Amino acid sequence: MERNNAIDFIKFFAILSVVVIHVFPRDSQIGLFILDNFSRFAVPFFFTASGYLFGQKMIHKRDSFVYFKRYIIKILKLYLCWLFFYVMYDVLILYKAAADVPKEFAQYINHFSFLDLIYYGTGTSGYQLWFLTALIWSVIILFGFSKLKKARLLLTISLIFNLLGLFGQSYSVFYDFPLSTRDALFIGLFYTTLGFFFADDKFLKKSRAITAKINLSLIFIFFTIQVVEGYLLEKILSGSHGEYFISTIFLTAFLFIFALNNQTLGKDLFITKVGGRALGIYIVHVVFIDIFDLIISALRMDHIADNLFLKLFETLLIITMSYISYDLLQYFKRRLSEWVKIS
């Protein structure tokens, strides 16, 4: 099965957008607010790409349950390893900064809830790990529905939940939904299921009817609508800051269709290679942001912390350090695996 370079190419811009969201203050200037809203396609695109790749393997694997089990175990191990890492990192920071270490350590441990750990993926400074738990639960539900031949029904159900989840986000100005909606049920499930449908050859043939020119025009239109939608809801109607919108659905769909119809886009480019490591960068980048902020604070440079040029430098540095560190981790992991086999 030939690798789709265009997906990795777009993933580079998606992971860059994630870092931009986490590095730049979103409300200090209108330009930064627009940049933040512009970047909100990133995580939905990651879910869609994951669902697409999962769907492809499900179609081509003779024993789909074996692949499903391996996939879940792989993502679960990744989550548990990095959950442990961020807990240890938090404890280290707490040990260095706390006035009463035993008391504050006990408070830190006690604030964890079972639901946070197994479903929401929250509770540590590694707040981005929610993506992994959401992906695990989304794939489990998707696999169950696909085995029952009810994937189309799931797409409808998950779309309803996604739209309902908007009221816990940007649309809370109309009705304040009482639950957290940054999770599998309200975000991950719909986009993962959407990606699963993109893996269907019948859909691929239909998508080719959309020319590149029309596709790019639609992508530009929905990028614009997403920014306008966010501005109207938050700045005009005084709603909550949203992480996704109605327009995000169409934007993500047309971005993915463009990737399917232009599979060699970005081939042999370095940024495409970086995009192929997007999940690793996503997992590790938060700790580098935290370290950078600690250094700025230690150097007593907080007064320039929001400087535009410093933020641009930080964004490039975080992407670079995250890519190199995760690449090194994978290298040592391979070498360790080879050493274990030899011994």
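The values are calculated or read from the model by the stated rules, or taken from the named source; none is laboratory data. Because the structure is a prediction, the values reported are computed rather than measured. In this analysis, Cβ positions are derived from the backbone assuming ideal geometry, glycine residues included, and neighbour counts consider all displayed protein chains. Just so you know, the surface numbers come from the protein's heavy atoms only, side chains and all, with ligands and any DNA or RNA stripped out. Shrake-Rupley method; radii C 1.70, N 1.55, O 1.52, S 1.80 Å.
Computed log10 I(q)/I(0) for region 297-343 at 0.14, 0.23, 0.29, 0.30 Å⁻¹: -0.55, -0.83, -0.96, -0.98, from the Debye equation with unit scatterers placed on every C-alpha and solvent omitted. In this entry, region 1-52 is assigned a mean projected area of 3.7 nm², taken as a quarter of its C-alpha convex hull surface. Projecting the Cα atoms of Thr320, Phe288, Leu32 onto the charge dipole of the chain (Cβ charges, centred on the Cα centre) puts Thr320 farthest toward the positive pole. Accessible surface ranking for Asp100, Asp268, 1.4 angstrom probe, highest first: Asp268, Asp100. When region 198-343 is described by a simple charge dipole with +1 on each Lys and Arg Cβ and -1 on each Asp and Glu Cβ, the residue from Ser217, Ala199, Ala305 located farthest towards its positive end is Ala199. Over the chain, DSSP H runs of length four or greater, each weighted -39,500 (n - 2.57), average out per residue to a 222 nm ellipticity of -23500 deg cm²/dmol.
Here the Gaussian network model covers the chain, with springs between Cα atoms less than 10 Å apart; of Lys147, Lys273, Lys57, Lys147 fluctuates the most.
Comparing Gln169, Gln330, Gln128 in a Gaussian network model of the chain (Cα springs below 10 Å), the most mobile by mean-square fluctuation is Gln330.
For the pair region 282-305 and region 96-141, the centres of their Cα atoms are 21 angstrom apart. Charged side chains reduced to their Cβ positions (Lys and Arg at +1, Asp and Glu at -1) give the chain a dipole of some 1800 debye around its Cα centre.
Any idea of the accessible area per residue across the chain, 1.4 Å probe, to the nearest Å²?
On the way: 18310 Å² over 343 residues.
Computed with neighbouring chains in place, this is 53 Å² per residue.
The peptide list 301-314, 75-88, put in order of mean Cβ contacts within 10 Å with the highest first, becomes 75-88, 301-314.
Quick one: what do you get for region 15-102 if you divide its Cα Rg by 2.2 N^0.38 Å?
Working: Rg = 19.5 Å, N = 88, 2.2 N^0.38 = 12.1 Å.
Relative to the rule-of-thumb radius for its length, region 15-102 sits at 1.61.
Inter-part distance, region 1-68 to region 202-265, computed on C-alpha centroids, equals 13 Å. Largest GNM mean-square fluctuation across Arg40, Arg300, Arg70, computed for the chain with C-alpha springs under 10 Å, falls on Arg300.
Shown for the chain: the carbon plus sulfur share of the solvent-accessible area, taken with all protein chains present and a 1.4 angstrom probe, equals 67%. Cross-link list Lys57/Lys273; Lys213/Lys235; Lys61/Lys150; Lys150/Lys205; Lys77/Lys267: which exceed 25 angstrom alpha carbon to alpha carbon? Violating the 25 Å limit, Cα to Cα: Lys213/Lys235; Lys77/Lys267.
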